[in-house]
Amino acid sequence: MPLRSLHAAAVLLLVVLKEQPSNPTPHNGSKWTYIGPDGEESWSKSYPSCGGLMQSPIDLQDDILQYNASLVPLDFQGYSESANQQFVLTNNGHSVKLKLPKDMHIQGLGARYNASQLHLHWGDENEPHGSEHTVGGKQFAAELHMVYYNSDLYPNASIASDKPEGLAVLAVLIEMGSFNPSYDKIFSHLKDVKYKGQEVSIPGFSIEELLPKRPEEYYRYRGSLTTPPCYPTVLWTVFRNPVEISQQQLTDLETALYCTRVEDPSPREMIHNFRQVQKFDERLVYVSFRHEGPDPTYTGPSLGIALFVALAGVLGICIVLAVSIWLFRRKKSSKKVANKGVIYKPAVKQDAEAHA
């Protein structure tokens, strides 16, 4: 009987917990922005997780990187099939978002993760540096995020967002360079979603075109959503190699959109929609690649070792110089002694001849 009572109490406790909201603040219960009174410095007041641990983005600096040979290339499924579908592009007031088909998924993370959406982060025309993650302190022009949810455990991204191992995000760093026709399949429609709440259907295309070269090279760490509610439930994969877009494409992204609705009397441009890098809390970032040349992500010998080698080299040179100088002086000294002997002997000879 006591065992049955204990079981009943446990079931009752689970029911009570299930009825409680997983997050006391509803997703849309508070407005938030990147700057101003509702900017990221105030996020934690309405969204406690934003002030908690395991927050993203971070600076991928070499002293927190560790090579992990078990990190395998991701398996992208259903990416090319999306070319036969229509996508919905939306201005959600914080970014431009492209809804992705559920049959797109990735494997290689220990579970199947289905696609949910992708969006971008950027700066502005005067300060064209808007990536969220940085590499060795370097900030890129923009950043693309592809959001996935763990479909082995949860039915959709909304439910998975605050659950353990709920989400995975692929991050593509973007820099200014040559024109990118693949990214233009999104950028060419920005004018159709100029204001918050507007959406448009666009022709489908292969999402794999948006990935960088050598996608098997990446950084991996556990972190959070970079926007409220900042749940620390994200498995991050940040690709090592950036993609390029032209200066005009970047300008279009930085100037085309507004955070406000079309009828708003005080329109606000959608600029600087990136979160600042966060403290890393003694975590490690695992990398799938080894260093093969000058690179800010190099995880080779530390600065202390490099200085030791340099000092040892200088010391070796000093020793060689000291020995050379000593040998030179010794040789010179020997010559002086020999010369004195030559001078002395003729003098003796002349003296002897004088006595003869």
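The values are calculated or read from the model by the stated rules, or taken from the named source; none is laboratory data. Owing to the predicted nature of the structure, the values given are computational and were not obtained by experimental measurement. Positions of Cβ are backbone-derived with ideal geometry, glycine not excepted, and every protein chain shown enters the neighbour counts. The protein model used for the area step is the full one, side chains on, heavy atoms only, and it has no ligands, DNA or RNA in it. Shrake-Rupley method; radii C 1.70, N 1.55, O 1.52, S 1.80 Å.
Quick one: Debye curve from the alpha-carbon atoms of the stretch 60-140 only, equal weights, vacuum; give me log10 I(q)/I(0) at q = 0.13, 0.23, 0.24 Å⁻¹ to two decimals. Debye intensities relative to I(0), on a log10 scale: -0.68, -1.08, -1.09.
Sorting Val135, Val277 by accessible area (1.4 Å probe), largest first, what list results?
Largest accessible area first, the residues go Val277, Val135.
Using the empirical formula 2.2 N^0.38 Å as the baseline, the Cα radius of gyration of the stretch 140-235 reaches a ratio of 1.24.
A simple spin-label model places pseudo-atoms 7 Å from Cα toward Cβ; at Ser158 and Asp59 they are separated by 3.9 nm. Here Arg220 and Thr251 are evaluated by their C-beta separation; at R0 = 30 Å the FRET efficiency comes out at 0.40.
Find how much the distance from Glu41 to Asp75 grows on full extension, using 0.36 nm per residue of separation minus their present alpha carbon separation; answer in nm with one decimal. Kindly include the intermediate steps, with their values, before the conclusion.
On the way: separation 34, 0.36 × 34 = 12.24 nm, distance 3.76 nm.
Using 0.36 nm per residue and subtracting the Cα-Cα distance, I get 8.5 nm.
Backbone phi angles across the stretch 175-183, fed through the Karplus curve with coefficients 6.51, -1.76 and 1.60 (θ = phi - 60°), yield HN-Hα couplings of 10, 6, x, 8, 4, 10, x, 5, 5 Hz in residue order; Gly and Pro are listed as x. Sparse packing (at most 11 other Cβ atoms within 10 Å of the Cβ) combined with a DSSP loop state is found for none of the chymotrypsin sites (Phe, Trp or Tyr not before Pro) in the stretch 205-266. Legend: residues Lys196, Lys279, sorted from most to least accessible area (1.4 Å probe; ligands, DNA and RNA excluded), read Lys279, Lys196.
Could you work out the percent of alpha carbon pairs in the stretch 71-287 separated by over 27 Å, rounded to a whole number? Across the stretch 71-287, Cα pairs with separations above 27 Å total 28 percent.
Computed over neighbours whose Cβ is under 15 Å from that of Leu53, the net charge equals 0, Lys and Arg +1, Asp and Glu -1. Computed about its Cα centre, the charge dipole of the stretch 71-287 is approximately 400 debye, with only Lys, Arg, Asp and Glu carrying charge at their Cβ. Relative contact order for the stretch 71-287 using alpha-carbon pairs under 8 Å, separation at least 6, rounded to a whole percent? Reported as a whole number, the value is 25 percent.
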